[in-house]
Every structure is written in structure tokens, then in C-alpha cells.
Amino acid sequence: MIGNRMTALEYPSWEKLRQHAQTASKFTLRQLFAANRHRAEIYSLEAAGLFLDYSKNLINDTTIELFQQLAREAELKQAITNMLDGGIVNSTENRAALHTLLRADPTKAKDNLNTHANLVANACKQIKETSQAIRLGSWKGYSGNTIKDIVHIGIGGSYLGPYMLDEALEPYRTKGKERDICCHYVANIDAHHITQLLQQLEPANTVIIIVSKSFTTLETKINAATAKQWLLTDMELKDLSKHLIGITANTSAATQFGIAAKNVLPLWDWVGGRYSLWSAVSLPIAIRYGFDAFEQLLQGAAAMDEHFSQTELSANMPMILACLGLWYQHFFNANSHAVLTYDHGLRYFADHLQQLDMESNGKSVKLNGAAVDYPTGPIVWGGEGSNGQHAYHQLLHQGTHFVSLDFILPLKPHHHLKEHHDWLVASCFSQSQALMLGRQFEQIEQNNNDASVAQELTRQQHKSMPGNRPSNTLLLNQVTPHSLGALTALYEHKVFCQAVILQINPFDQWGVELGKELSQAVYSSIQTGEAGLDASTNSLTARYRKTFPN
Ligand code: F6P
């Protein structure tokens, strides 16, 4: 299982970790547990209402000590303070990354961040007023109707976070006397989605929220224009102010598009898209679940920030997760990290993490511009348990890939069907157990003349499972706005710690730019039929033009 990857991370502890990994690769989880009956308690910790059991990992105290040394050598503590204090951590864009300020107590802001904190406080006021007006019905559409539907248009960080939150918070949906407002999320430029959605809605009862930090993103611009046209089939230009809201750092583009200035809620260049769910980007959450729920979300994240910034590595949840990720990726050849959420509401959590981690740490150049000669961010994927057990878990148990794993489970459900939940919990715990223990068969004496013994041996080989596959288990008491805030912030900080140690910038995303630029040329070739592209793209474009002419 041990990797033979050459890494060039020049920390003195790195070589020690490499040597230690030679020993650790011979550990078996069975032996580690047998050797210390307190292992489950020793390698578990609590923070911001979350509980992490990381005892099912191929580690011992030496591993943690070496990672502590690594953190000191990488000056992780200083890097965290620098980020929290508004240092320019996004060097290629010359920007701070102050998503933590969005959830911090504004009265406690450092002097240099007072202006930013005031902007955040004002934006919060706007989120509160807007959400309450729509939620309580004082916001009326052009015909005097109250609002029944919200269409949130955005993509990437302007979509994945609030969508994930909304699905997770569904049990908190207002029931009974209060009005229930439906929120719909449109990201894809594929018009199948927006056309299917809009045909079910009434413009007079609908508010369209256009969310784009840059207000230049193609998908959002095209979907926004379609939605605006749809509104105008039913109302006049002057009525749009009752049906269009913008959330952006580019106010002038939003107002030019036709959004009333008073309906534009701010974003700032010091908040990255994938870290923006703590801002007005999550306005639908405040509308649908109330401003209190939005505040609790922020408080959960702030509690994790507090833990992250105040706790030393051996008890620091984001740091431990970061170190375990690096441990497997760099010393055990794991390229892939799966997040398996045992909760229907958390089924889009892995999608959010995918952008958070892969857009942040999918880099191949160090902060100093030199190419890395070691792996950076892993492939992040995952999904909902127990569904995955009947799909991709086969590969986790018997496949040839080493995948590092996080199981996430809320202890209390939002329903009363205990039998279901007991089975869900049993499924989650038994998966990590099966991965750890595997299945070995008693040796059968092979007798060449006995076909049935040979057959049995073959059968056993197919059924045997190596085990010794590590995993983390993260427990939430229940899915609440607070626990969701803490959970999401936990992964943000994990990704940051890894970036610091890997010496990369987690806050830019230049890799997505080329595709955007090339799509302009391909689009114009589709319009004009001019074949100025590479041969394959020319031929694909020609085939498209023939099948679906202009
Ligand atoms: O294309 C990637 C990206 O820039 C993400 O980083 C961002 O979250 C998304 O597009 C949307 O950007 P915007 O909010 O500016 O529309």
C-alpha cells in the first residue's frame, strides 16, 4: 500500500514522515486497536458541536508528532493568523480571503478590518430586511401578489453552497400558518432546466435572484436574460424592480442589466466564490428558513473558526483532517478522497466540497511560481449513504485504488421512523468496520486432484477482502443550521491547511479561464460556419451545424 511517490516538499519533517510511513504501511488497524484499548478515545475529538473519530487510521502518536513538527516548519499558525487578519493570501489576485469575517462578530473586528466588518454588518441588515419582506409577505409583486417562488440563478460558488444548504435544511421548511416559499436553483446553461422550471411558475408571484460575484459569468448571464424575458412576457419594464434581485460585487453591471440599485446586495473581491455562501449568496436560505437560521449557520461556522484558530494541532479538527489527507495522498498513493454522507439532506455536500477542494487545491504551481513536483489537491467525490453501498462501495472494499474516506452521519434524524434510522446508522458504522476488518478465510489445504477444493479456493479469493482501509467518521448531533455551518467551515479550513503545507494558492482558479475564452471562438464558429479551429473541433462544429442549423 505504501506509495513510492517522490515528493520535493523541503521540510525536515517530510523525510521523517516518509521514513515513518515505511513503518506505518505495515500497521494493521486490527493490531493497532488490539494494542491499545483506549485507541478510539485517544484518536477522537470534539469541536463546535461535531465529533470526529479518526482512530481507524494508519497512524500512531509518532505520526501526529511529526505532523505537528511539519505544521511548525510550514508556519501554519502564522498562515492562519495572516488569513484571519486580512493578509494578502491570494497573491495572484492581490487579495485577502476574508470569508471568516462574514461570520465573525463585527464588534470584535481588528482595527484594520473595521471597514470590511461594517460593510458585512450593513449587508446582513439588507439580507434580513429583504428576506423578511419576502418571507412575511410585505414584498409584493407588480400585481400586488405575495411571492411564492424564488429562482436563484448562479453557478459554481454562486450556486453550490446555497443549493446544498437548502436541500439539507428542508426539514426546517416553514409549516403551518407561515407561508412556505419555494426556492429553485438554476445553474446550467442547458436550457432544459430553466425552460422546464419557468413553465411551472407565475411571473407575478416570482422573484428572480441573480447571483454572480463578477456579473460576467456566461451561464448566469444567459440564464438571467432568459428569466428577465420571461418576466417581461407578463409585466412591464418598470415592474421588474419587484421581481429582480442581484447579488454581486459588480453593481454597475447588475443595474445595467435592469436590476434596481436598491435590490443589489453586495459581495466583495475579498470573498472567493466557493467561500461566499456566508454572504447574501445564501439569501434564499434566509428567505426560506428565516434570518435566524442564516445567523445560526454563521454562528456554527464562527464556532469552528474559533476552534481552528485557538487549538493546537493534536486537538484541532481541521488540521487533523488536513494531515490525514496529506498522509495518505503523499505516502500511500491515495489520489482520491470520498465523502460519504449518511443523510439524505446532505446529499449535495460532496458536490460543494468538490468545488471547495478541487478549485482551491487543484494547482501545479507553487506560490513562488515554480512547478510542483508532488501531488496537490486530491480528486474529491462522494454521495449519499446507504445508496453508495449498492454502487461504488465495491471499489472501496475490493478495488485497487487507495481512497481516503470521511463518513458523515447525523445522530438524530428529522423524522420519527427509528427503525430506518437505526439501520442507516448501522449501515454507516458497519461500512467503516468492514473496510477496516476486511474478510479473510481459513487456509484450505490445496489438493490438485480435488476440483471442488480448487473451486472453493477460487471462490474464497473472490470473496476475500483485504481490509485495513482507513476512514474518518464525523458525527453531527443533528443536521441544523449551526452544525451545517460548523461542518462546512471545517472543510474550508482543512483545505486551507493543506494549501499552506503544499505551498500553493487555494484562492485563485486560473485553470477555468481557458475554457471560457475558447468557448467564445467555438461559439462564433457555430454562428458563422467559419472553420478556423483545430480539425476535430471544426468537424464537431460542422456536424452540429448540419443537425441543428441556425
Ligand atoms: O468559473 C469558475 C468560477 O469563477 C468560480 O470560481 C465561481 O464560483 C463561479 O465561476 C461563478 O462566478 P461568478 O459568481 O462570478 O458568476
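The values are calculated or read from the model by the stated rules, or taken from the named source; none is laboratory data. What you are looking at is a predicted structure, and each value in this text was computed from that prediction instead of being measured. We place every Cβ from the backbone using ideal geometry, glycine too, and count neighbours over all the protein chains shown.
Numerical summary
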{"read-out": "Top-ranked residue of region 195-215 - restricted to ones that are more than 16 Å from the ligand (Cβ to nearest atom) and of a type in the set (A, V, I, L, M, F, W, C), ranked as surrounded by the fewest Cβ atoms within 10 Å (Cβ to Cβ)", "value": "Leu197"}
{"read-out": "Cβ pairs under 6 Å, 6+ apart, first in region 210-231 and under 20 Å from Trp270 (Cα atoms) and touching a residue at least 60 places away in the same chain (Cβ under 8 Å), second within 7 Å of the ligand (Cβ to nearest atom) and among the small types (Gly, Ala, Ser)", "value": "Val211/Gly154; Val211/Ser158; Lys213/Gly273"}
{"read-out": "Test result for Lys77, on the phi < 0 side of the Ramachandran plot, part of a loop (DSSP other than H, G, I, E, B) and basic (Lys, Arg)", "value": "no"}
{"read-out": "Where a residue in region 15-35 is farther than 13 Å from Thr63 by Cβ and its partner, wherever it lies, is surrounded by fewer than 13 Cβ atoms within 10 Å (Cβ to Cβ) and among the hydrophobic types (A, V, I, L, M, F, W, C), with Cβ under 7 Å and at least six apart", "value": "none"}
{"read-out": "In region 99-151, the residues that are at pLDDT 95 or above, among the hydroxyl-bearing types (Ser, Thr, Tyr) and assigned to a helix (DSSP H, G or I)", "value": "Thr100, Thr115, Thr130, Ser131"}
{"read-out": "Region 232-242, subset in contact (Cβ under 8 Å) with a residue 60 or more places away in the chain and touching a Lys or Arg at 6+ places or on another chain (Cβ under 9 Å), residue farthest from the ligand (Cβ to nearest atom)", "value": "Met235"}
{"read-out": "Counted residues, region 159-216 - those being closer than 22 Å to Glu513 by Cα and part of a loop (DSSP other than H, G, I, E, B)", "value": "10"}
{"read-out": "Failed item, numbered, when Leu136 is tested on (1) surrounded by fewer than 16 Cβ atoms within 10 Å (Cβ to Cβ); (2) aliphatic (A, V, I, L, M); (3) farther than 20 Å from Ile181 by Cβ", "value": "(3)"}
{"read-out": "Matching residues in region 267-293 - criterion: being in contact with a strand residue (DSSP E or B) (Cβ under 7 Å, 6 or more places away or on another chain) and not aromatic (Phe, Trp, Tyr)", "value": "Leu267, Asp269, Ala280, Val281, Leu283, Pro284, Ile287, Arg288"}
{"read-out": "Subset of region 496-541 (residues that are within 14 Å of the ligand (Cβ to nearest atom) and of a type in the set (D, E, K, R))", "value": "Asp508, Glu513, Lys516, Glu517"}
{"read-out": "Set Ser360, Ser336, Ser386: member being free of Cβ contacts under 8 Å to residues at least 60 places away in the same chain and of a type in the set (Ser, Thr, Tyr)", "value": "Ser386"}
